[in-house]
Amino acid sequence: NWRGFPVIVTRMKTALVIGGTGPTGHYIVNGLLQRSYAVAILHRGGHEVDEIPPEVEHIHVDPYDEASFLAGLGDRTFDLCIAAYGRLRMIAEQMVGRCGQFISIGGAPAYAGYMNPQLPSPEGLPVPTAETATLVSTADQDEKGYRIVRTEAAVFDHHPDASHFRYPFIYGKYQLVPREWCIVRRILDERPFIILPDDGLSLCSYGFAGNMAHAVLLAVDKPDAARGEIFNCADDTCLSLRQVVEVIAAALDARLDIVSMPFHLARPAWPLVGQPLPTHRVLDTAKLRYRLGYSDRLEPAAALAYTARQLAAAPLQPGGTEEWVLQDPFDYAAEDALAASWHRACASVEPPDYSADAPGVGLAYSGPGGRPRSQPEFEQ
């Protein structure tokens with residue numbers, strides 16, 4: 001004690017973030033600092049991000065290599081471990097006894113039909129897809145999805161009280177393969193139109209990086225509610241492909257006409273869809289919302305506009321790695337030829353002369369062009 005008064009020494013909580021420099025990493029790290037954690041990030045050190053403050057410790061080892069990983073950790077223990085990168089099965093095994101709370105991050109391809117939409121019958125995922133949906137059960141169905149399912153099982157074998165988050169596609173700063181670039185570059189190149197399949201009505205759950213980090217941090221705030229659970233993650237609002245284009249065009253003060261055609265013809269739009277069918281991929285986030293109290297920190301339209309402006313301010317290298325991975329050749333001559341051919345085909349179609357009344361949308365519909373009111377004047 002000091003001068004007869006007891007001195008109470010409190011130990012700062014410690015957290016290990018494996019990864020930390022990807023799209024959601026700096027949000028998670030800074031969220032932990034705000035929660036009074038002493039934070040160390042374990043990553044290869046190939047690149048650093050400005051948003052990580054200097055008080056954060058860096059452990060530069062390879063989280064895919066067991067010997068390197070163990071050498072970096074030594075005999076250290078942590079109150080919390082968030083595994084967002086590396087060989088998750090190995091990390092889960094080696095962190096047994098080294099942390100009080102274990103949180104891991106994986107992906108939605110665990111669901112049967114996410115990467116192989118022809119697998120379910122009828123084709124495509126159930127809408128929405130809850131955590132109880134059918135998972136990939138064999139490598140023949142989908143090798144990547146099957147590895148993810150086995151990895152999830154290994155996490156809970158080693159850490160029965162773990163919390164696991166199934167990420168959707170992430171957008172935001174530091175996304176190495178941003179699908180938004182497919183739209184942003186066409187705007188920067190002053191393209192007058194963009195080709196979309198089926199009027200761009202496909203739905204696919206995405207997650208803004210800051211929103212997804214917020215979801216993970218809720219497990220830190222509410223460990224009892226998160227213990228032993230798997231959570232789908234995604235923005236609360238799921239925008240259609242057409243809405244994504246419209247939001248980005250508006251954010252960049254551009255006009256980009258949408259040329260709609262059937263999916264099998266709309267090949268230039270396949271990099272935006274990201275699968276060989278235009279089926280929906282919508283994650284049910286009810287469990288995340290009701291169990292952990294999740295809601296978007298940034299509304300998706302605003303987050304998408306923010307991401308588009310970032311890409312426009314720092315454009316990617318044409319023909320670079322990102323475009324190669326996206327598989328978008330930006331072949332404008334081919335797109336012009338396809339659009340012209342499609343317009344000619346549409347112009348050649350002669351609507352039939354219906355002998356009776358033309359098909360309608362049903363008398364239950366009372367919107368524009370639908371059932372007229374029964375009185376000449378509107379009465380409240």
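In the stretch 113-151, the residue that is most open to solvent (accessible area, probe 1.4 Å) out of those that are of a type in the set (S, T, N, Q) and in contact (Cβ under 8 Å) with a residue 24 or more places away in the chain is Q118.
Restricting D336, D328, D296 to those that are under 19 Å from V245 (Cα atoms), open to solvent by less than 90 Å² (accessible area, probe 1.4 Å) and assigned to a loop (DSSP other than H, G, I, E, B) reduces the list to D328.
Collect the residues in the stretch 256-281 that are within 20 Å of I183 (Cβ to Cβ), open to solvent by 60 Å² or more (accessible area, probe 1.4 Å) and outside any helix (DSSP H, G or I), keeping them in residue-number order.
Residues satisfying the conditions are D257, L265, H280.
For the stretch 154-193, a tally of residues being surrounded by 24 or more Cβ atoms within 10 Å (Cβ to Cβ), of a type in the set (A, V, I, L, M) and touching an Asp or Glu at 6+ places or on another chain (Cβ under 9 Å) returns 1.
Just so you know, in the stretch 282-293 the residues that are in a helix (DSSP H, G or I) and touching a residue at least 24 places away in the same chain (Cβ under 8 Å) include one that is nearest to the chain's Cα centre (by Cα), and it is L288. Of the strands (runs of 3 or more DSSP E) contained entirely in the stretch 122-237, those carrying at least 2 residues that are within 19 Å of the chain's Cα centre (by Cα) fall at 163-167, 169-171, 206-208, 229-232.
Number of residues in the stretch 243-255 that are farther than 11 Å from I183 by Cβ and either of a type outside the set (A, V, I, L, M, F, W, C) or part of a loop (DSSP other than H, G, I, E, B) (or both) equals 3. Filtered by the rule that a residue be under 15 Å from G210 (Cα atoms) and of a type in the set (F, W, Y), the stretch 158-182 gives F165, Y167, F169, Y171, Y174. The residue list G320, G367 contains one member that is under 42 Å from the mean Cα position of the chain (by Cα), open to solvent by less than 70 Å² (accessible area, probe 1.4 Å) and over 30 Å from L176 (Cα atoms), which is G367.
Of the residues that make up the stretch 299-320, is at least one at pLDDT 95 or above, within 30 Å of G228 (Cα to Cα) and not in a loop (DSSP other than H, G, I, E, B)? For the stretch 299-320, residues at pLDDT 95 or above, within 30 Å of G228 (Cα to Cα) and not in a loop (DSSP other than H, G, I, E, B): present. Residue check: R371 meets all listed conditions (1) at pLDDT 95 or above; (2) farther than 21 Å from A209 by Cα; (3) of a type in the set (K, R) but one, namely (1).
Listed conditions (1) open to solvent by less than 70 Å² (accessible area, probe 1.4 Å); (2) touching a helix residue (DSSP H, G or I) at 6+ places or on another chain (Cβ under 7 Å); (3) not in a strand (DSSP E or B) are all met by R89, apart from (1).
Restricting attention to the stretch 92-110, the residues that are in a helix (DSSP H, G or I), under 25 Å from L283 (Cβ atoms) and either modelled with pLDDT under 95 or open to solvent by 10 Å² or more (accessible area, probe 1.4 Å) (or both) add up to 1. Note on the stretch 44-57: residues that are modelled with pLDDT of 95 or more and either open to solvent by less than 70 Å² (accessible area, probe 1.4 Å) or hydrophobic (A, V, I, L, M, F, W, C) (or both) amount to 4.
Taking every residue in the stretch 65-81 that is at positive phi and pairing it with any residue that is open to solvent by 20 Å² or more (accessible area, probe 1.4 Å), at least 6 positions away or on another chain, yields no pair with a Cβ-Cβ distance below 6 Å.
You will find that of F69, F78, the residue that is touching a Cys at 6+ places or on another chain (Cβ under 6 Å) and crowded, with 17+ Cβ neighbours inside 10 Å is F78 and no other. One residue stands out among those in the stretch 26-43 that are of a type in the set (S, T, Y) and open to solvent by 30 Å² or more (accessible area, probe 1.4 Å): the one that is farthest from the chain's Cα centre (by Cα), which is S36.
The values are calculated or read from the model by the stated rules, or taken from the named source; none is laboratory data. Computed from a predicted model, the values in this text were never measured in an experiment. Neighbour counts run over all protein chains shown; Cβ positions are idealised from the backbone, glycine included. Ligands, DNA and RNA are excluded from the accessible area calculation, which covers all protein heavy atoms including side chains. Shrake-Rupley method; radii C 1.70, N 1.55, O 1.52, S 1.80 Å.
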